[in-house]
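S.K.: Here it is, the structure, as structure tokens.
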Amino acid sequence: SAVISQKPSRDICQRGTSLTIQCQVDSQVTMMFWYRQQPGQSLTLIATANQGSEATYESGFVIDKFPISRPNLTFSTLTVSNMSPEDSSIYLCSVLRGGTDTQYFGPGTRLTVL
Amino acid sequence: DQQVKQNSPSLSVQEGRISILNCDYTNSMFDYFLWYKKYPAEGPTFLISISSIKDKNEDGRFTVFLNKSAKHLSLHIVPSQPGDSAVYFCAASVGGGTSYGKLTFGQGTILTVHP
């Protein structure tokens with residue numbers, strides 16, 4: 001497995017502001033992903049964070065709203081831009097090591113937008 | 001289109017008995033399946049997985065069964081313990097290509113194990 005940390009663990013933000021969430025892994029991983037879990041819903045993949053290039057976004061998610069960076073093999077950030085109450089969710093990063101099929105998840109960031 | 005479905009929102013079981021959590025999928029391209037457990041305020045914790053080339057995988061108290069013809073998998077927990085009380089998510093992925101690593105999750109089943 002991998003030790004994954006996320007910062008912040010939770011935040012309460014005002015409408016129209018932006019929040020950047022950090023994901024740090026204790027060792028190099030091949031792939032990093034960002035998921036969202038809206039209240040009462042399942043987990044939905046936002047995008048795959050690609051090291052050194054633009055992230056790959058899933059249908060319904062765009063770079064202007066959720067810019068992602070991955071400067072190296074152990075770190076990634078997700079920004080939730082111009083927030084609205086509908087963005088209130090738990091945001092989770094996950095990682096996948098080369099040659100394996102099992103994703104491991106961070107503890108999540110609980111975001112509340114007022 | 002919900003490609004992975006967990007039709008039971010909740011399940012209540014007595015300690016020591018068997019818990020059976022079910023999951024159905026519609027995408028025949030899925031070839032790898034995982035179960036995660038999630039406690040409140042924590043990220044999902046990996047439990048057990050199964051490849052489509054198998055029909056059963058066992059790890060301690062946890063066994064996952066895969067029925068490809070029915071597009072159905074189940075997680076058996078024997079014996080159930082109060083610490084197993086959590087939300088259980090079924091997830092599926094397509095190996096290789098541009099979909100590699102993308103997990104599609106079910107809605108989750110809340111398991112409550114009573115002492």
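S.K.: What's the local net charge at A:A2, with K and R +1, D and E -1, over the other residues with C-beta under 9 Å away?
M.R.: Values: positive: A:R97; negative: A:D26.
Surrounding charge for A:A2 is 0.
S.K.: Can I ask one more? Expected output is a single nm value to one decimal: the length gained when fully extending between A:E58 and A:L114, i.e. 0.36 nm times separation in residues minus the C-alpha distance. What is it?
M.R.: Between A:E58 and A:L114, full extension yields 17.6 nm more.
S.K.: With Cβ to Cβ distances under 14 Å as the rule, what net charge do the other residues near B:Y39 carry (K, R +1; D, E -1)?
M.R.: +1
S.K.: So which of A:K65/B:K38; B:K38/B:K68; B:K5/B:K71; B:K37/B:K68 end up more than 21 Å apart, counting from Cα to Cα?
M.R.: A:K65/B:K38; B:K38/B:K68; B:K37/B:K68
S.K.: While we're on this one: For A:I46, what residues show an amide H to amide H distance below 5 Å, using hydrogens built from the backbone and excluding near sequence neighbours?
M.R.: Placed amide hydrogens put A:W34, A:Y35, A:R36 under 5 Å from A:I46.
S.K.: Under a Cβ-Cβ limit of 4.7 Å, which cysteines in the protein assembly as shown have nobody to pair with?
M.R.: A:C13
S.K.: Can you tally the net charge around B:N27? Count Lys and Arg as +1, Asp and Glu as -1, for every other residue whose Cβ sits under 13 Å from the Cβ of B:N27.
M.R.: +1
A short reminder: the numbers here are calculations on the coordinates, not readings from a lab. Note that the structure is predicted; figures quoted are calculated from it, not measured. Note: ideal-geometry Cβ built from the backbone for every residue, glycine included; neighbour counts use all protein chains shown.
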